[in-house]
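A quick write-up on the structure given underneath.
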Amino acid sequence: MPFEPQDRAGNDSYLWDGTGQPNPETLRLEQALGRFRQSGPAPPFPAIELPARRWRWWSEIASNAWTPRFAAAILVISALGCGLWLAQSPKTLSLGHSGWSVEITSTSRPSENGDVPVAKKATRLELGESLEIDAVSKASLAVPEIGRIEVEPMSRLRLLQSSTGRNRIALDRGTIHATIWAPPGQFVVDTPSATAVDLGCMYTLHIDDSGSGILRTTLGWVGFHRNGRESFIPAGAACPTHIQSGPGTPYFEDASDAFRTALAQLDSVELDRPTRKSALASALREARVRDAFTLWHLLPRVNGVERALVLDRLTALVAPPAGVTREGILGLDPAMLDSWWNAFDLGDISLWRHWEQSWTARENPPK
């Protein structure tokens, strides 16, 4: 006998609150499982209190599915999926005992019929050795459990470290495209003007002959540092690096031309006072809510009077979290600055702090 819509409505009511007419299948299941019913009172369970921040996170997602945190979660899931796909790719080369496997692809000029002859060569990059790519070649380096690095023509890099949890190269000049699925902090690139630390991402790094350059993040985020000067570059953002001063001020690449020009002026080590004042005013005027993370980077890079102006504009764009005070930010309190960064939902800065502590401990073991 078919189960009619009115019968379904009654059965749903019975399952929900015990009212209505159950269908025979429901009764049979209830009788069969009845012997497992709890006869006594429910045993006491200890109360579990989740952090308020976690509950707020879920309530925000429930009320508005497209929040910055939800978008960040999508990016993390995408990164993991990309990493798993790349890890299973048959093109992934194997790691040698003391170095990395390299595949070099060389192309010559097109022939008369338009064909471009391609030649491939497999080689190895040993610890301490350099890899130099000419004008008509590219290279691909694959490191199991770490990621893949594509090297553009006219590039030179060196392999400095290759061990569990510590993989480091130096990019002296040229361009690399890095796709990394290893845990944050396990892949590091030294350049003449800054050090790039992968925090789970895809990025492109270019260094010119002077040692300056630019880093562009496609997915995840990257830490850039030199002598205590730090820049964090999330997906969709770029950050210049300068041989004189190190990491510049990062910005989203969809920012206005006026905003980006002002930042380039503020990063300059040789800037007269009137031009600097005008550049800061332009940057603050052009800043959007999305550019709050750029203003956050400016806070430790400007003087006291300028810092107050940056703080006022940043507060207008993204309110500081509880516990972050004006006095603390003007005094560059590290914990308060980190707390405000996390309010941007661009990546938990504790990942970077953990890398700083662990890497420093490794580089400077106790004697």
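The values are calculated or read from the model by the stated rules, or taken from the named source; none is laboratory data. Note that the coordinates shown come from a computational prediction; the quantities given were computed from them, not determined experimentally. Heads up: the accessible areas ignore ligands, DNA and RNA and are worked out on the full protein's heavy atoms, side chains in. Shrake-Rupley method; radii C 1.70, N 1.55, O 1.52, S 1.80 Å.
Let me have the relative contact order for the range 232-301, percent, based on Cα pairs under 8 Å that are six or more residues apart. Normalised by residue count, the contact order of the range 232-301 is 29 percent. Nonpolar atom fraction for the range 240-349, defined as the carbon and sulfur part of the 1.4 Å probe accessible area, stands at 55 percent. The Cα-based radius of gyration and maximum Cα-Cα distance (Dmax) for the range 258-334 are 12.2, 38 Å.
Computed over the range 170-299, the quotient of the alpha carbon radius of gyration and 2.2 N^0.38 Å is 1.03. Here the relative contact order of the range 274-353, from alpha carbon pairs under 8 Å that lie six or more residues apart, stands at 25 percent. To put it simply, the accessible area of the range 146-232 at a 1.4 Å probe is 49 percent carbon and sulfur. At a probe radius of 1.4 angstrom, the accessible area of the range 234-309 per residue rounds to 44 square angstrom.
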